[in-house]
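Taking it in order: structure first as structure tokens, then the write-up.
The values are calculated or read from the model by the stated rules, or taken from the named source; none is laboratory data. Predicted model, so just to flag it, every value in this text is computed and none were measured. Neighbour counts run over all protein chains shown; Cβ positions are idealised from the backbone, glycine included.
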Amino acid sequence: MHGAGHERGARAGTENVIHITGLGKACEMINDNLDHYSVHMSEMRNALEKGFNVNLPNALFNGHPTERLPNTLSVSFRGLEADTLLSKLNRIAISAGAACHSDRIEISSVLQAMSVPLDYAMGTLRISTGRYTTASEIDIAIDDITEAVNNKYKVKVSKA
């Protein structure tokens, strides 16, 4: 740290009071509507899961079926590579559950701890809904992901 040694050297300057106050107000606004937002995000996440169950019956849903965040779905597709799937999805923003490094693909420690089989873990997508996510956006995600998965962007899995 450079600058003054405020709070016994724990930080270098004065707190940003305006931003701290703004963050407090934002938290208050969210808290006032948290139950409503949670229900909405759960409904959108559940619609996404239902769509995959119908269109992609071999999908593997990771995590507890009910004790989970209201806005997050982790889904794996056997024999596919998540980053390649992501490259085919131009209308939606989602994350891969595995990370690619040079010629190797590494499974996240979370997926490993959950004992997700390697051939599924490679094709894991992490999808989040938000308080403004619409049903039509969920339909787009279902359609686009279904198309990408059905085009079979396969990955070569090495056990090295």
By residue number, the members of the range 102-124 that are within 30 Å of Ile30 (Cβ to Cβ) and either hydroxyl-bearing (Ser, Thr, Tyr) or at pLDDT 95 or above (or both) are Ser108, Ser109, Thr124
Checking Phe52 against (1) assigned to a helix (DSSP H, G or I); (2) out of contact with any Gly (no Cβ under 9 Å at 6 or more places or on another chain); (3) free of Cβ contacts under 8 Å to residues at least 40 places away in the same chain, which single condition isn't satisfied?
-> (3)
Would it be correct to say that Leu69 is surrounded by 12 or more Cβ atoms within 10 Å (Cβ to Cβ), assigned to a loop (DSSP other than H, G, I, E, B) and free of Cβ contacts under 8 Å to residues at least 12 places away in the same chain?
-> yes
Can you spot a residue in the range 27-44 that is assigned to a helix (DSSP H, G or I), free of Cβ contacts under 8 Å to residues at least 12 places away in the same chain and of a type in the set (Gly, Ala, Ser)?
-> no
Unique match (being modelled with pLDDT of 95 or more, buried (at least 16 other Cβ atoms within 10 Å of the Cβ) and of a type in the set (Phe, Trp, Tyr)) among Phe61, Phe52 | Phe52
State all residues of the range 11-26 that are at pLDDT 95 or above and not aliphatic (A, V, I, L, M); if no residue qualifies, say none.
-> His19, Thr21, Gly22, Gly24, Lys25
Determine which member of the set Ala141, Ala113, Ala93, Ala82 is touching a helix residue (DSSP H, G or I) at 6+ places or on another chain (Cβ under 8 Å) and among the aliphatic types (A, V, I, L, M).
-> Ala141
Those residues that are surrounded by 10 or more Cβ atoms within 10 Å (Cβ to Cβ) and not in a helix (DSSP H, G or I), I need them from the range 8-26; list them, please.
-> Arg11, Ala12, Gly13, Glu15, Asn16
